[in-house]
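Shown next, in structure tokens, is the structure this report addresses.
Computed from the coordinates by the stated procedures, all read-outs in this text should not be read as laboratory data. Here the structure is a predicted model, which is why all the values come from computation and not from measurement. Heads up, the Cβs are rebuilt from the backbone with ideal geometry, glycines too, and the neighbour counts pull from every protein chain shown.
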Amino acid sequence: MSAETSPHENGAERSPSPVDDLQRHLAPISARAWHEIQETATEVLTVNLAARKLVDFRGPLGWTASAVGLGTVESLQPAPTEGVVAARRRVQPLIELRAGFVLARAELDRIDRGGHGPDLTPLTEAAARLARAEDRAVFHGYPAGSIDGIRARSAEVARDAAGGSTGYPSLLAEAVRMLRIAGVGGPYGMAAGDRCFTELHAATTRDGFLLLDAVRQILGGPIVWAPAVDGAVVVGMRGGDFRLTVGRDIAIGYLGHTATMVELYLVESFTFEVLAPEAAIWLRLE
């Protein structure tokens, strides 16, 4: 497996190679089984990583990357010597996320014997957890990791509770109007939480058309399933407004094994910046 993964297209690693810090070359896992693990991780991450489909992706910069420069400085006092001023450049640190899982060696042996449908549930659950954590930080913020998130910096519009799902077109039209007033041109994308995503796919308009089609016409961009989002958020897709910076893209590491189990983990490092808060409108659906 490569040290880093393919960037935001799938977020999962592709081909095996020994990498010291991940220790994958020590794992009692065949190339065939690694391939199955990689493909499974790719499928789960592709479905679950929502923010990467809507924001700018920078990287991967590598495991040694520790921070991104913010382009600003803060004065230092006292001055180092008379007639000389000092300032410290401000940076935003990358955070590391890790999700561990354990696979049964019997299931890995089953792959090597040509069996189909191995039980890799611990891997799929870990991949979903990691994706949720990344998306939660992007959309809702993670103060402990110095990440504000989109919601903390964006304006908000609320749906009229009496309108139900039929109120989405007017709600989206208002969000798009607010974005245009702020100078943010289209197309626009939307990250839809579970409830919103389900309503959009199940409901029809008064004219009998699918509500989803009407919303797509208003936005002009993608509607992404984002289970980490509470409600929904509309974002400009022009670029340069939101940036996800990745040091190590999602990779699989090895921790140890017994006669019956292999202990692995998924790991990544990243941070997120809201560069233009006016380019997002949060939809409150309560």
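Odds and ends about this structure:
- Across the range 253-261, computed HN-Hα scalar couplings (Karplus, 6.51 cos²θ - 1.76 cosθ + 1.60, θ = phi - 60°) run x, 10, 10, x, 7, 10, 5, 10, 9 Hz from first to last residue, x flagging Gly and Pro.
- Translational diffusion of the range 140-286, µm² s⁻¹ [Kirkwood Rh, Cα pairs; Stokes-Einstein; 20 °C; 1.002 mPa s]: 126
- Rounded to 0.05, the FRET efficiency of the Asp194 and Ala104 pair, given R0 = 30 Å and the Cβ-Cβ distance, is 0.45.
- Dividing the summed -39500 (n - 2.57) terms of all DSSP H runs of n ≥ 4 by the residue count of the chain sets its mean residue ellipticity at 222 nm at -9000 deg cm²/dmol.
- Relative contact order (%) - the chain, alpha-carbon pairs under 8 angstrom, separation at least six: 27
- Using the Karplus relation 6.51 cos²θ - 1.76 cosθ + 1.60 with θ = phi - 60°, the per-residue 3J(HN,Hα) values for the range 67-75 come to 7, 10, x, 9, x, 10, 10, 10, 5 Hz, with x marking Gly and Pro.
- Overall Cα dimensions of the range 239-286, principal axis frame, Å, largest first: 55, 32, 12
- Taking 20 Å as the cut-off, the amide N atoms of the range 260-286 that come nearer than this to a point 7 Å along the Cα-to-beta-carbon line of Thr64 belong to 268-271.
- Kirkwood Rh, Cα atoms: Rg over Rh of the range 96-189: 1.22
- Fraction of alpha-carbon pairs over 21 Å apart in the range 40-149 - percent: 57
- Values of log10 I(q)/I(0), in the order q = 0.07, 0.11, 0.12, 0.15 Å⁻¹, for the chain under a Debye, Cα-only, solvent-free model: -0.33, -0.73, -0.83, -1.08
- Computed label-point distance, nm, for sites Arg238 and Thr72 using a 7 Å Cα→Cβ extension: 2.2
- The range 213-221 - phi-based ³J(HN,Hα) in whole Hz, Karplus 6.51/-1.76/1.60, Gly and Pro as x: 5, 5, 5, 4, 5, 5, 7, x, x
- Springs between Cα atoms under 10 Å define the GNM used for the chain, and in it the highest mean-square fluctuation of Glu74, Glu107, Glu156 occurs at Glu74.
- Candidates Gly149, Gly253, Gly167, ranked by Gaussian network fluctuation over the chain, Cα under 10 Å, top entry: Gly167
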